[in-house]
Amino acid sequence: MTHPSVPFLDLKAVQMTQRDELRAAFDRVLDSGWYILGQEVAQFEAEYAAWCGAAHCIGVANGLDALTLALRAMGVEAGDEVIVPSNTYIATWLAVSHIGAVPVPVEPDPLTFNLDPARIEAAITPKTKVILPVHLYGQAAEMAPILAVARQHGLRVLEDGAQAHGARVQGQRVGAHGDAVAWSFYPGKNLGALGDGGAVTTSDPQIAERLRVLRNYGSRVKYHNEVIGYNSRLDELQAALLRAKLPALQGQNERRAAIAQRYLQGLAGLGLSLPFVPPGHEPVWHLFVVRHPRRDELAQGLAALGVHTMIHYPVAPHLQPAYASLGMKAGSLPISEAMHAQVLSLPIGPTQTDAQTDQVIAAVREVAHRLHKLAA
Ligand SMILES: *Cc1c(COP(=O)(O)O)cnc(C)c1O
């Protein structure tokens, strides 16, 4: 029997679960006659800050700007150094580079894919200003030891929360730990707009105030410009849509967690490395990432069975042409490079059915057994 194919993430199906709320939000903005920095953005900022357990939220145009402006609000300048994970989406590094600062990569813990706190100290120099952990694939980084190293050396901590809306560590949601968190609301994220969007949450009133000025042309009072700012504002329309979506997020994250549990049970014992959740963590499963030494053959075999997978990410940032000037050769960050060669993301999303999940499990079992026999 042939099955219909399983999409990697059916974004349209996700939106259709809230079609009426989204249309009502659109009408509200259309009828308001106010489209930039109005009530919708202010309300969303208040609601999202409360949801994260932070005192302030500042809406910006996208996740990359959230990172860049937050670094500037923390006082990072050209020539400074920022500690970043060696394995992340390249936006984390680009934000540092856009300020003229230098991204200093630190290798991850191969079990969790997140920044290894034990390796941070060796990367700190007199130029280091900020540690920038990423909560990769929806699981929070080890915030307690990271914050401890930062405090010891007088460094700020900016978190990249683009993949971790609602993830908890030590019982607290991401947003309540470090000095600030940068968020993306790109459509494919756990909390996604219908276009680009981003935000920074923080409980530091000074960082919040600087961000409000930076995002709006460096101005507090219209046509009076205090600093060389940006035009990076969250749209009223996207804010209204995000307000409609925020109440559904917890339920969607729980659905992702149920799918992940089904995968963890159904895929054990196949010679595949499965995601590891350390004690005290509640991930939100933005991605379900497995590792296999013959990743490309696994992906091809799954595609032939109608299962769509993706690779997050195929090339490590230090080996991208964009970072050729760093002069870091293949082999210089071996943990990250091995991950980039082996990771494969299986389909996951809040509207994925148990039948679809079981179809993925059956397909992975079939292809993994075949690859195992070839190897034997
Ligand atoms: C998506 C993402 C970003 C960038 O967000 P945009 O809104 O696309 O600019 C940054 N960091 C990580 C880890 C991401 O996944």
Note: residue 246 to residue 43 extended length (0.36 nm per residue) minus current alpha-carbon separation gives 71.9 nm
Ranked output for segments 7-13, 173-179, 198-204 by mean other Cβ atoms within 10 Å, highest leading, reads 198-204, 173-179, 7-13
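What shape does the stretch 1-160 take by its C-alpha gyration tensor, where a ≥ b ≥ c are the square roots of the eigenvalues and a/c under 1.5 counts as rounded, a/b above b/c as prolate, and the rest as oblate?
oblate
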Mean separation of Cα contacts under 8 Å (at least 6 apart) over the residue count of the chain, i.e. the relative contact order in percent, is 22
Counting only protein heavy atoms and leaving out ligands, DNA and RNA, the solvent-accessible surface of residue 323 at a 1.4 Å probe, in Å² to the nearest 10, equals 20
Farthest towards the positive end of the dipole of the stretch 157-205, among 169, 195, 157 and with Cβ unit charges of +1 on Lys and Arg and -1 on Asp and Glu, lies the Cα of 169
If the chain between residue 261 and residue 374 were fully extended at 0.36 nm per residue, the gain over the current Cα-Cα distance would be 37.8 nm
The alpha-carbon center of the stretch 136-163 and that of the stretch 29-64 are separated, in whole Å, by 24
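Please give me, ordered by residue number, the GluC sites (Glu not before Pro) of the stretch 221-272 that lie in loop per DSSP and have at most 16 other Cβ atoms within 10 Å.
Here the sparse-neighbourhood loop sites are 226.
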Of all chymotrypsin sites (Phe, Trp or Tyr not before Pro) in the stretch 27-77, the ones in DSSP coil with at most 12 other Cβ atoms within 10 Å are 34, 35
Here the membrane-span-like helices of the chain, with no claim about any membrane, defined by DSSP H, Cα axial extent at least 18 Å and mean Kyte-Doolittle at least -0.5, are 39-52, 236-266, 354-375
The chain: antiparallel bridges as % of DSSP beta bridges, rounded to 5, reads 60
From the Cα centre of the stretch 191-241 to that of the stretch 250-269, the distance in Å is 35
Under 29 Å between C-alpha atoms, the lysine pairs in the chain lying 8 or more places apart or on different chains count 6
For the stretch 249-375, shape from the Cα gyration tensor axes a ≥ b ≥ c, cut at a/c of 1.5 then a/b versus b/c, turns out oblate
Dipole check, the stretch 78-138, charges on Cβ (K,R +1; D,E -1), about Cα centroid: among 123, 97, 112 the Cα furthest to the positive pole belongs to 97
To the nearest 0.05, the calculated FRET efficiency linking residue 332 and residue 310 through their beta-carbon distance, R0 being 30 Å, is 0.70
A student applying the Cα gyration tensor rule (rounded when a/c is under 1.5; otherwise prolate if a/b is larger than b/c, oblate if not) would label the chain oblate
Heavy-atom accessible area of residue 83, protein chains in place, probe 1.4 angstrom, given in Å² to nearest 10, is 0
Given unit charges at Cβ for Lys, Arg (+) and Asp, Glu (-), the dipole magnitude of the chain about its Cα centre in debye, nearest 20, is 320
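The values are calculated or read from the model by the stated rules, or taken from the named source; none is laboratory data. Keep in mind the model is a prediction, meaning the values are calculated, not measured. Glycine gets a Cβ as well: all are built from the backbone with ideal geometry, and neighbour counts include every protein chain shown. All accessible areas refer to the heavy atoms of the entire protein, side chains included, with ligands and DNA or RNA removed. Shrake-Rupley method; radii C 1.70, N 1.55, O 1.52, S 1.80 Å.
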